[in-house]
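Colleague: So that we are looking at the same thing, I have put the structure below in structure tokens.
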Amino acid sequence: MPVDFEKKHHGDSAFARSSFSEVVTVKGPGTLLFLAGIGAEDADDPAGGVRHPGDACAQARYAFEKAARLLATHGATMSDIVKITAYLVDVRDRPHYQAARKEALAGVVALPAHTFLVVSNLARPGMLVEIDIVAATA
């Protein structure tokens, strides 16, 4: 018996609609959700202006809040995250990022796989933190 397969691309933020899919869902026996790099771009600003300039902790918190909303829109929670890749432009902001990540994943029993990278720049000037997330639901 063939397994049903469905792949959908979603973009809810005004600034992302013409540039990339914020979430890609793949349904089969389960559903995989691939969230595009999420940073402090204002989800309601068509130009994608960056919120919280100069504050890596606030940018990370906002990114995780956006991720939680995107996951919820597609029937998933923070507990469904299986992989996070974090990109920061300054390694000295790592403790701030880690504090925001700990808050975002509070109550999650099985923490996701995690990769932490330091890069020279991110998608938009002023972005200090960006996260990629993969989630899976049954």
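Colleague: Being under 14 Å from the mean Cα position of the chain (by Cα) and of a type outside the set (Ser, Thr, Tyr) is the requirement here; does ALA56 meet it?
Modeller: So ALA56 fails the test.
Colleague: Kindly provide the set of residues from segment 16-44 that are modelled with pLDDT under 80 and either outside any strand (DSSP E or B) or small (Gly, Ala, Ser) (or both), ordered by number.
Modeller: Within segment 16-44, ALA16, ARG17, SER18, SER19, PHE20, SER21, GLU22 qualify.
Colleague: Mind counting the residues in segment 78-102 that are over 25 Å from ASN121 (Cα atoms) and either assigned to a helix (DSSP H, G or I) or out of contact with any strand residue (DSSP E or B) (no Cβ under 8 Å at 6 or more places or on another chain) (or both)?
Modeller: So the answer is 3.
Colleague: Test each condition in (1) within 17 Å of GLU130 (Cα to Cα); (2) out of contact with any helix residue (DSSP H, G or I) (no Cβ under 8 Å at 6 or more places or on another chain); (3) surrounded by fewer than 19 Cβ atoms within 10 Å (Cβ to Cβ); (4) touching a residue at least 12 places away in the same chain (Cβ under 8 Å) for LYS102 and report the one that comes out false.
Modeller: Answer for LYS102: the failing condition is (4).
Colleague: Just to be sure I understand, how many residues within segment 53-74 are at positive phi and either modelled with pLDDT under 95 or crowded, with 18+ Cβ neighbours inside 10 Å (or both)?
Modeller: Within segment 53-74, residues that are at positive phi and either modelled with pLDDT under 95 or crowded, with 18+ Cβ neighbours inside 10 Å (or both) number 0.
Colleague: Right, VAL118: surrounded by fewer than 14 Cβ atoms within 10 Å (Cβ to Cβ), at pLDDT below 95, more than 15 Å from ILE38 (Cβ to Cβ) and touching a helix residue (DSSP H, G or I) at 6+ places or on another chain (Cβ under 9 Å) or not?
Modeller: No; evaluated as a whole, the condition is false for this residue.
Colleague: Sticking with this one: Anything in segment 76-93 that is surrounded by fewer than 19 Cβ atoms within 10 Å (Cβ to Cβ), at pLDDT below 95 and not polar (S, T, N, Q)? List them, or say none.
Modeller: Hits for segment 76-93 are VAL82, LYS83.
The values are calculated or read from the model by the stated rules, or taken from the named source; none is laboratory data. Treat the numbers as computed from the prediction; the structure is a model and nothing was measured. All Cβ positions, glycine included, derive from the backbone under ideal geometry; neighbour counts span all protein chains shown.
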